[in-house]
Amino acid sequence: MQTWKLKKNTRAKQQAKSKIGLRLAGILLLVTTLATAVYDFPMIWNRSADFVQAQTGWSAPRVEEAPYRLGLDLQGGTHLVYEADMAQIPEGERVDALQGVRDVIERRVNAFGVSEPVVQTTTTGGTYRVIVELAGVLDVGAAIQEIGETPILEFKVFGQGLNRELTAEEQAALDAKQSEDRALAQSVLEQAQRGDDLQWESINVLETSETQKAIADAIAQYGVRPGALVPSVIETPEGLNIVRYVGTTQTEEMLLSHILFCWEGKTGCQNGLPEIDATLQLQNATKEITVENFAEMAAKYSDDKSTPDGDLGWIKPGDTVPTFEAAALATPVGTISEAVLTEFGYHLIHKRESKPIAAYQVERVLVPLSDAYDVVADLSPWENTAL
């Protein structure tokens, strides 16, 4: 009898808990529904709040009413199409040039406050266009005037620097600035030695540049142990380096070949193919390509015309885009990778050889070192081109 009563009491408690759970779920659902309704229809809540305040004097909180934003298809507006003249621009640079024009136009549109403008590019059949949609802007003439009747994209290259010796006054000014820079770098080094919190940049040093070689030489010269600071500021072409040696890691240098399948819109692609055609070409070519005939197939299929046989030579970490590098590292020697997608298109990678190399893992703080551009009036590191 007592066992039966115990089971009955237990069942009753479970039923009570179940009812409480259902009630709580119902209350939560009701609150969520009300909150959603208030968010979606704030004007109803605000009018109700005004009514309550008028009747009782109690001021209920109000909800901000944001107006609905209608697109070009609902409220009308202006649709502009600009066609770019690419006659003076090399084919391999045209996609980037068009993107630059798009960015300029987008900044101009954003500057005069159009709600949710659309600025996009399209390339078809050798024609390069920028399409601009301005919802709510009904005066086409005003829109053209705001954007500019003919957007002009100027191309500049990094200049060759000052083509003369600095004057005595300019040299004195540069020496003073560089002294300040070196004092600042020394101060940062002292902060690092005290253990202050700094904005460290992590890099792997493979001695592939003058800066990396200088850092590697300093670590070896001072016999720096992992976790310790290089005890002096390292001056390189990049600037003044405060360096902490983290440790040594093993990576690999790889002898690679590749076959590229690109399509219109991909960086540097010039074949004019749509993506679906390039993908079909990749699928068909994959059936033919082997390790033995890879160079021959590269000459037949690859869109990378700078390497007719696909040979990339010895590649170190950092020499290629990260996605390509990761795929190459994961591919066993003597095999061909699966198709790898990068900003250039699909790649098939043949990993021919590999050899281990050691890299220093370091963290650094880089303090810029002033140069002639900082002391010579009207001297810019950028030069206009004829494009």
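The values are calculated or read from the model by the stated rules, or taken from the named source; none is laboratory data. Everything numeric here is computed off the predicted structure, so don't read it as measured data. Methodologically, a virtual Cβ is constructed for each residue, glycine included, from the backbone with ideal geometry; neighbour enumeration extends over all protein chains shown.
Could you list, in sequence order, the residues of segment 320-338 that are surrounded by fewer than 17 Cβ atoms within 10 Å (Cβ to Cβ) and in contact (Cβ under 8 Å) with a residue 40 or more places away in the chain? Leu329, Gly334, Thr335 - these are the residues of segment 320-338 that are surrounded by fewer than 17 Cβ atoms within 10 Å (Cβ to Cβ) and in contact (Cβ under 8 Å) with a residue 40 or more places away in the chain. Asp277 falls short on exactly one of the conditions (1) of a type outside the set (Ser, Thr, Tyr); (2) touching a Pro at 6+ places or on another chain (Cβ under 7 Å); (3) in contact (Cβ under 8 Å) with a residue 12 or more places away in the chain, and that condition is (2). Just one of the listed residues (Gly227, Gly247) is loosely packed, with under 15 Cβ neighbours inside 10 Å, assigned by TED's automatic domain parsing to the domain that holds Lys355, in a strand (DSSP E or B) and at positive phi, namely Gly247. Restricting attention to segment 169-228, the residues being among the small types (Gly, Ala, Ser) and within 19 Å of Ala358 (Cα to Cα) number 9. Residue count for segment 338-361, restricted to those that are of a type in the set (D, E, K, R) and part of a strand (DSSP E or B): 4. The residue that is farthest from Gly318 (Cα to Cα), among those in segment 166-215 that are basic (Lys, Arg) and free of Cβ contacts under 8 Å to residues at least 12 places away in the same chain, is Arg194. None of Ala192, Ala97, Ala183 is at pLDDT below 80, in a helix (DSSP H, G or I) and aliphatic (A, V, I, L, M) except Ala97.
Exactly one residue out of Ser257, Ser306, Ser302 is over 27 Å from Asn204 (Cα atoms), touching a Gly at 6+ places or on another chain (Cβ under 7 Å) and either hydroxyl-bearing (Ser, Thr, Tyr) or assigned by TED's automatic domain parsing to the domain that holds Val205 (or both): that is Ser302.
Does segment 278-296 hold any residues that are assigned to a helix (DSSP H, G or I) and either touching a Gly at 6+ places or on another chain (Cβ under 8 Å) or at pLDDT below 90 (or both), and which are they? Of everything in segment 278-296, those that are assigned to a helix (DSSP H, G or I) and either touching a Gly at 6+ places or on another chain (Cβ under 8 Å) or at pLDDT below 90 (or both) turn out to be Ala278, Phe294, Ala295. Which residues, taken from segment 231-281, are closer than 29 Å to Ala216 by Cβ and among the small types (Gly, Ala, Ser)? Selection gives Ser232, Gly239, Gly247.
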